[in-house]
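To keep things clear, I will list the structure first and then write my remarks on it.
The values are calculated or read from the model by the stated rules, or taken from the named source; none is laboratory data. A quick note: this is a predicted structure, and the numbers were derived from the prediction, not measured. FYI the Cβ positions are ideal-geometry reconstructions off the backbone, even for glycines, and counts take in every protein chain you see.
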Amino acid sequence: MNQHITPDLATLSNSAPYLGNDHLHVGDGKGLSISHIGHTMLRSPKRTFTLSNILYVPHFTKPLLSVQKFYRDNNVYFEFHVSMFCVKDLTTKAVLLSGQSNDGLYVLFESSTTTIPQTYWSPCISVTADLWHRRLSHLTSCIFNLLVSKNKIICTFIRSLVQCQAYPLGKSSRLSL
């Protein structure tokens, strides 16, 4: 079954009784009853996401998100890392939402009845081009501009980088005397 699941009916902004005969089967073979089906919206500072056809299963313990369904419904993709994940726009690659890993699960929502994301993550703190230049081992303007265009770094002030004194020293293998 490729559906979102919630154990809390209050998280659904619109729901109706589930009229099907399906059950949610868990690891020990038990079939849990599906009581309602509904939808909600997940709001983040950058975008509102649609969560449709969420199954309300009263005897389930944690809400589960179908990554594939979320991907299809919202034109995004997921990037998973050891301790966190992020949701990125499929076209712009911008980070829209993120969460942490907790006990082997990637947590998107708080464990309360709200659908507010637990955390927001940015790939970096927005800083000046000069600070990024120093942080990234005095990289060239060409590579810096490529990183900015691919949304890998975010800058508050972008200007053409002037080659600093440390750049030739750091890139050379031997200094002429």
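Surrounded by fewer than 19 Cβ atoms within 10 Å (Cβ to Cβ), farther than 16 Å from Thr11 by Cα and in contact with a helix residue (DSSP H, G or I) (Cβ under 7 Å, 6 or more places away or on another chain), is that true of Tyr106?
Here the answer is no, as Tyr106 does not meet what is asked.
Considering region 24-55 alone, what residues qualify as being at pLDDT 90 or above and in contact with a Ser or Thr (Cβ under 7 Å, 6 or more places away or on another chain)?
His36, Ile37, Gly38, His39, Leu51, Ile54 - these are the residues of region 24-55 that are at pLDDT 90 or above and in contact with a Ser or Thr (Cβ under 7 Å, 6 or more places away or on another chain).
Within region 41-75, which residues are touching a residue at least 60 places away in the same chain (Cβ under 8 Å), within 21 Å of Asp8 (Cα to Cα) and surrounded by fewer than 16 Cβ atoms within 10 Å (Cβ to Cβ)?
Met41, Arg43, Ser44, listed by residue number.
Of the conditions (1) exposed (fewer than 15 other Cβ atoms within 10 Å of the Cβ); (2) closer than 13 Å to Ser98 by Cα; (3) touching an Asp or Glu at 6+ places or on another chain (Cβ under 9 Å), Glu79 fails just one. Which one is it?
Only one criterion is unmet by Glu79, namely (3).
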